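*Asks:* Take a look at the following structure, please.
The values are calculated or read from the model by the stated rules, or taken from the named source; none is laboratory data. These numbers were taken from a predicted model, which means no experiment stands behind them. Counting neighbours? That spans all protein chains shown, and the Cβs are built from the backbone with ideal geometry, glycine included. Remember, those area values only see protein heavy atoms, side chains included, never the ligands or the DNA or RNA. Shrake-Rupley method; radii C 1.70, N 1.55, O 1.52, S 1.80 Å.
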Amino acid sequence: MISFKQKGDFSKLSRFFERAKEVVHMGNLDKYGRAGVAALSAATPKDSGETASSWEYEIKRTKTTVSIVFNNTNIQNGVPIAIILQYGHATNNGGYVEGVDYINPAIKPIFERIANDAWKEVTQV
């Protein structure tokens, strides 16, 4: 027969998470937002350059989360141009223009930098 006994609680872990939450400086998200906009602008396929220059970011905060949301404001006839460049689209004459995956490769290093920097701050507690 196998038996397990456990005593104690998760109070130390809870204290660690509370301290970690206080240490992570959410004000630094502006620098990641600016870096993301720069990366997306540089990676966006350019014809007129309007889509590349239409990237912006917003920091959304709730009681429990903080998010960086990247948007592209170039919308033509209700169609978000950045999305059809990414995923492709049909043409008026029945053809199809294949999409180019430019968003994911551009933004991945930014996400990795956020994760690495947050981990460094949390582990220095």
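*Asks:* Taking segment 36-93 only, how many residues are β-branched (Val, Ile, Thr), part of a strand (DSSP E or B) and under 20 Å from Ile114 (Cβ atoms)?
*Replies:* Qualifying residue count for the region: 4.
*Asks:* Quick check on my filter: what residues within segment 81-125 are among the aliphatic types (A, V, I, L, M), free of Cβ contacts under 8 Å to residues at least 24 places away in the same chain and either open to solvent by 90 Å² or more (accessible area, probe 1.4 Å) or under 22 Å from Val69 (Cβ atoms) (or both)?
*Replies:* Ile83, Ile84, Ala115
*Asks:* Collect the residues in segment 82-125 that are among the β-branched types (Val, Ile, Thr) and closer than 21 Å to Asp30 by Cβ, keeping them in residue-number order.
*Replies:* Ile103, Ile107, Ile110, Ile114, Val122
*Asks:* So, one more: Report, by residue number, each residue of segment 53-68 that is open to solvent by less than 80 Å² (accessible area, probe 1.4 Å) and modelled with pLDDT of 95 or more.
*Replies:* Listed by number, the residues that qualify are Ser54, Trp55, Tyr57.
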